[in-house]
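S.K.: This is the structure I want to talk about, given as structure tokens.
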Amino acid sequence: MLEKGLTVEIRGKKLFLAFTTATLAEIVNKFGGVGEMLSAFMGPASDPGDTDEIKAEKKIARKNAQYTNLKETPWLIALLANEGAYLLAEDGKAQELVTPDWVARMPSPQFNAMHDEAVRAIAIGLEMEHVTEQEGKATDAYLQEIEAKNAVGAGV
């Protein structure tokens, strides 16, 4: 039985990213939940009403979140890819699992795209993906939240 997910390619290897109850349990154990994980990866958004002191604190928190994102995204991709490998294995025993260390050795330009794909796989697993009317393509609530936070953080 093939679960919902998506296929990505890292370093020439095709991986099926799948979000299941088992992967959710790992995320809850590590971060407290999917929302908390995303907050840990993004940091707090800027608010026009923030004082200079709060702006400085949020800037530091966003820098810390960048480090968390850089450190934990390979773990997340490996988690989702290995779950996908288990789901695709006919005997229920995945043969080729990937490690966060192996994932972390992907080319740098691919990193952000793989982070977005991991979040998209989670949205698919949570059945949060929907089609936007104006674009006619699949998007999801988590990616929209991340894009909004990125725009605010960039001052757009």
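The numbers here are math on the coordinates, done by the rules we state, and not lab data. Values in this document were obtained by computation on a predicted structure and should not be read as measured data. When we count neighbours, we look across all protein chains shown, and the Cβ atoms used for this are built from the backbone with ideal geometry, even at glycine.
S.K.: So how much slack lies between LEU88 and MET128, counting 0.36 nm per residue of separation and subtracting their Cα-Cα distance, in nm? Please report the intermediate quantities before stating the final value.
M.R.: Details: separation 40, 0.36 × 40 = 14.40 nm, distance 2.24 nm.
Gain on extension, LEU88 to MET128, equals 12.2 nm.
S.K.: Modelling each spin label as a point 7 Å along the Cα-to-Cβ direction, I'd like the GLN95/ALA45 distance in nm, to one decimal.
M.R.: For GLN95 paired with ALA45, the spin-label model returns 4.6 nm.
S.K.: Tabulate in residue order the Karplus-calculated ³J(HN,Hα) for region 34-51, using 6.51 cos²θ - 1.76 cosθ + 1.60 with θ = phi - 60°, rounded to whole Hz; enter x for Gly and Pro.
M.R.: Using θ = phi - 60°, the values come out as 5, x, 5, 4, 4, 5, 5, 7, 9, x, x, 7, 6, 10, x, x, 5, 6 Hz.
S.K.: Evaluate the distance, in nm, between pseudo-label points positioned 7 Å from the Cα of GLU57 and of ARG11 along their respective Cα→Cβ axes.
M.R.: With each label point 7 Å from Cα toward Cβ, the separation is 4.1 nm.
S.K.: Stick to the Cα atoms of region 42-112, pair each with every other, and give me the Kirkwood hydrodynamic radius in Å at one decimal.
M.R.: 14.6
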